[in-house]
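Colleague: Let me begin by handing over the structure; questions about it come next.
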Amino acid sequence: MRILTNVWETHYLVVISIMEYTYARLYDPIGEDYACDMKTVQHEARYLASFVEYLQSRKIFETADIGHHDIQDYVKWLIRRRGQALKKKIKTEAADLDWVDVRIRALQSYHSYNKRVSQQLPIRPLHGHSIFKYLGKRRRRTEENRTPLIPKEVWDPFLCAALDYVEYFADDILSGQSAIEDIRANVLPLARMAKNFSSNNFTARKIKPRLNAITEFSINPNSGIAWRERWVNVDDLRVELFTLYQACLVVVSCLSGIRESELALIQVDGFQEQTDVDGVSKRYTVISRMIKGNIDRQLIWEVNRPVYQACHVIKKMTSYARSHRACNELFIRSWYRGAGEQFQTDLRKDCLGRSTKGSILPLGPDAMSLALKNFGARLDVAIQGTYRLPLVDGEKWNFTMRQPRRTLASRIAREPFGLIAGMLHYKHVKLTTFLGYAGKDPSWIQDLAMEEFSANEEFLGQIWEDIQDGALAGARGHELIHEFKGMAGDIKKNSLQYFIENNRRNLHVGLLNYCLFQRDRALCLTNKKSDLPEKPVINACYPERCANSCISKNHIPIWQAQLNDAQAMLNHKNVSIPQKIALTDDIAKSLHILNQLNGTC
């Protein structure tokens, strides 16, 4: 390796050991680590070369002599070197620390391969921490080189349309497909035996009347009327079949958190519905695999009902293709090669325009991204343009399969308040919990934790604004108003930073309030065992009574809805006296909270 030639003469033993490390990274990874590509290994070797240069400058010739003080000195050496390269005196800004951090992480990775190298590192650099944690700095938050989030104004109608296709329109589309397949199996074989058989005549005499006879269609939940009047022809049905297929892909990718590579490996029977231990609730799981290098392990994802339903629809609509050619993957391509209403009879396609020879292949990442783009484009004209997507900066949004996973993590973290991806907007009354998206993938948990960390800072910023307006309710809300309201200038700025830093990790977002958690004040843990995790039981919260409760202006809509529901129930003629007392008490509590938030109390 040319990058190590400058230190070969004095540190050839260390250089040989780095070569042993790079070989192991490529061909003999440790544990559940996976084999790297050559470019990654080349980068790591370059980073490790910096460490050897440091050893050379300090006249350290064997790694066995390295201690924690040397690693700390190496960090300072890297920071100085970064400043010299940029011709400025750096102050450990996050942008510069990123440059240092990748070199420390390469050294930590080298340490983890001690059993594969001859020059072992006796200590774990920085005890395994990042340079940011070691220096007490915050990592730079930047969107550069990161997968962009799908904007909320695009995500909502995009996902709403996909859910409505799966929930409401799928039965009609599958019924049309079933009608054609029935003709194909029972009518077409006899018709083709006739000498004067014509595909065009057969379409006009058999297919169109059968499709036109279907007049019962489901109600569009957005308009209150049937989503279509009739099937015009085979091509009309084919377009909707493709749209439904794409809608199923959108639902699974946008509401499961599964990567596109793992989504492609879901098997045709790899989704299950189970009754929970209470004998009533349903649990839904999707089974896939993670294959990286020589690692091949099963992944089980807990999902919600729409994801399960989308998988079921995909299985049903591709069953006709699978009956002729075996393919175990759920998402496949070449399942229906449409030729409109023309019945082609060449060697490659059957009379309905479908491929009859060759294999059925799994749907790859590029094809998945194209399906998302096509579904978004289809919404401009589908269902009378009900779900038309807005432009972003004057252009149509460019969908890719990397976006849904990160967007979902962001929406889980930011969606007020415990509602995942605005599910109530899509007529799904049952709330979907965090567990439904967590799966067993550590990287997904990490992605979600990062988004929650960022979202908590935003929520705390909103709470701070409400403090200045005196518009908070709940015991903790009142305390914050008395503690921070009225500050000005630098004191106010410093207090805001103090407030965010000290509450970011204690903030838990509930449906009716925020919980600024302190265990000894938590009403939800009063009767719980002392060995419970240090977090609140959100579904056992008493927002108007708990000392940790903070209710902000963000919660006004849900409190107003609760008030309206209680008032409507109170006016019902069949409400009993005890129920009236309870409802009157609930109305009084809700009014008190709303008056505090609106500044009228």
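Colleague: On a full-extension model of 0.36 nm per residue, what is the gain between M569 and S198, subtracting their alpha-carbon distance, rounded to one decimal in nm? Numbers along the way, then the final one.
Modeller: Values: separation 371, 0.36 × 371 = 133.56 nm, distance 6.51 nm.
Extending this stretch completely gives an extra 127.1 nm.
Colleague: Okay, next question. What net charge is computed for the residues neighbouring C546, neighbours being all others with C-beta under 10 Å from the C-beta of C546, Lys and Arg scored +1, Asp and Glu -1?
Modeller: That sum, taken over residues with Cβ under 10 Å, equals +2.
Colleague: Between L591 and R81, 0.36 nm times their residue separation minus their Cα-Cα distance comes to what?
Modeller: Length difference between fully extended and current span is 177.4 nm.
Colleague: Moving on to the next point. Work out, step by step, the length gained on full extension between E457 and R210: first 0.36 nm times the residue separation, then minus their alpha carbon distance; give nm to one decimal.
Modeller: Full-extension gain reported as 83.0 nm.
Colleague: Cα gyration tensor of segment 12-135, axes a ≥ b ≥ c as square roots of the eigenvalues: rounded (a/c below 1.5), prolate (a/b > b/c) or oblate?
Modeller: Taking the square roots of the gyration eigenvalues as a ≥ b ≥ c, segment 12-135 is prolate.
Colleague: Please sort 405-411, 564-570 by packing, taking for each peptide the average over its residues of neighbouring beta carbons within 10 angstrom, highest first.
Modeller: Going from most to least packed, we get 405-411, 564-570.
Colleague: For the pairs K39/K396; K152/K396; K553/K589; K152/K553; K282/K315; K315/K373, note any where the Cα-Cα span goes beyond 24 Å.
Modeller: Checking Cα-Cα distances, K39/K396 exceed 24 Å.
Colleague: With Cβ to Cβ distances under 14 Å as the rule, what net charge do the other residues near F61 carry (K, R +1; D, E -1)? Don't skip to the end; give the middle numbers.
Modeller: Values: positive: R58, K59; negative: E9, E53, E62, D65, D70.
Overall, the nearby charge balance is -3.
Colleague: Dividing the alpha-carbon Rg of segment 117-228 by 2.2 N^0.38 Å yields what?
Modeller: Output field value: 2.27.
We did not get these values from a lab; they are worked out from the coordinates using the rules stated. Source: prediction; values computed, not measured. Note that each Cβ is placed from the backbone with ideal geometry, even for glycine, and that neighbours are counted across all protein chains shown.
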